[in-house]
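**Q** Before I ask anything, here is the structure I am working with.
The values are calculated or read from the model by the stated rules, or taken from the named source; none is laboratory data. Everything quoted here is computed from the prediction, not taken from an experiment. Note that each Cβ is placed from the backbone with ideal geometry, even for glycine, and that neighbours are counted across all protein chains shown.
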């Protein structure tokens, strides 16, 4: 019974994530059939207020991700919730933080570029799609169901210990340390119409990504973090070393768990 409840909880968290993720794709692409988009959201607020609200929403999203991913928080949090649903709870909280951005985003006037209707527009849309594809495929290159907490819930109450982390470099991970983050960055910046609203979103989320990489590199521990599939490359941040040889002494930077 407890396993069924844990799996049901994790499934609800996963479905909420999937819905919010699809909304994010539509939101970022400014597609007309989305509930809100980066350029079609709350309008009419003073510019300073709109900027502060948007940055605050991004900061809340980043704080949730960073705090809940820290080993010290996990150690205390798993005294309150079972370890089998700790990851699902993280996913649920992340989805709620993302929905807050999508729902309460404020539009801003102005634009940097507009190449809609030009020959370059299809190319930019293709890059936009590639970014999301890299992100989605990367979740399957590690362990999609473990990444989003479903596997942990499935194992609730089991006696079989978790498998030891595995060091490997599938597909994108041969060249890029953080393909999940890279996919996000590509998708956020690839737009034929870069408005100020879109710029704030892209710049804010990119800053969070860079901070997240730095924090993960500085604090990850194979003892305190839960066992997950470990992906390594020899890159310092985004790309592989020029000699093409992975540096396995620094494999911790390649763990994707938040």
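**Q** Can you tell which of 34, 50, 75, 88 is surrounded by 13 or more Cβ atoms within 10 Å (Cβ to Cβ), at pLDDT below 95 and more than 18 Å from the chain's Cα centre (by Cα)? Steps first, please.
**A** Numbers: 50 fails: at pLDDT below 95; 75 fails: surrounded by 13 or more Cβ atoms within 10 Å (Cβ to Cβ); 88 fails: more than 18 Å from the chain's Cα centre (by Cα).
Just one listed residue meets the conditions, 34.
**Q** So is residue 156 part of a helix (DSSP H, G or I) and either modelled with pLDDT under 85 or out of contact with any helix residue (DSSP H, G or I) (no Cβ under 6 Å at 6 or more places or on another chain) (or both) or not?
**A** Judged against the criteria, residue 156 is not a match.
**Q** Taking the stretch 38-47 as the search range and keeping residues that are in a loop (DSSP other than H, G, I, E, B) and within 24 Å of the chain's Cα centre (by Cα), which one is surrounded by the most Cβ atoms within 10 Å (Cβ to Cβ)?
**A** 38
**Q** Taking the stretch 114-134 as the region of interest, how many residues are without any contact (Cβ under 8 Å) to a residue 12 or more places away in the chain, in a helix (DSSP H, G or I) and more than 16 Å from residue 179 (Cβ to Cβ)?
**A** Qualifying residue count, the stretch 114-134: 3.
**Q** To continue, here is another question. Criterion first (out of contact with any strand residue (DSSP E or B) (no Cβ under 8 Å at 6 or more places or on another chain), surrounded by fewer than 16 Cβ atoms within 10 Å (Cβ to Cβ) and over 25 Å from residue 144 (Cα atoms)) does residue 56 satisfy it?
**A** yes
**Q** Is it the case that some residue within the stretch 48-64 is part of a loop (DSSP other than H, G, I, E, B) and either touching a residue at least 24 places away in the same chain (Cβ under 8 Å) or farther than 19 Å from residue 204 by Cα (or both)? Quick ask: steps written out before the conclusion?
**A** Keep residues of the stretch 48-64 that are part of a loop (DSSP other than H, G, I, E, B), which gives none.
No - not one qualifying residue is present in the stretch 48-64.
**Q** On to the next question. Just give me the residues in the stretch 20-31 being surrounded by 13 or more Cβ atoms within 10 Å (Cβ to Cβ) and either out of contact with any strand residue (DSSP E or B) (no Cβ under 8 Å at 6 or more places or on another chain) or in a helix (DSSP H, G or I) (or both), in sequence order.
**A** Within the stretch 20-31, 20, 21, 23, 24, 25, 26, 27, 28 qualify.
**Q** So which residues in the stretch 135-145 are under 12 Å from residue 179 (Cβ atoms) and out of contact with any strand residue (DSSP E or B) (no Cβ under 8 Å at 6 or more places or on another chain)?
**A** 135, 136, 137, 138, 139, 140
**Q** Further question: Checking the conditions here, which among 128, 148, 104 is touching a strand residue (DSSP E or B) at 6+ places or on another chain (Cβ under 9 Å), surrounded by 13 or more Cβ atoms within 10 Å (Cβ to Cβ) and under 27 Å from residue 37 (Cα atoms)? I'd like the intermediate steps shown before the answer.
**A** Numbers: 128 fails: touching a strand residue (DSSP E or B) at 6+ places or on another chain (Cβ under 9 Å); 148 fails: touching a strand residue (DSSP E or B) at 6+ places or on another chain (Cβ under 9 Å).
Of 128, 148, 104, the one residue that is touching a strand residue (DSSP E or B) at 6+ places or on another chain (Cβ under 9 Å), surrounded by 13 or more Cβ atoms within 10 Å (Cβ to Cβ) and under 27 Å from residue 37 (Cα atoms) is 104.
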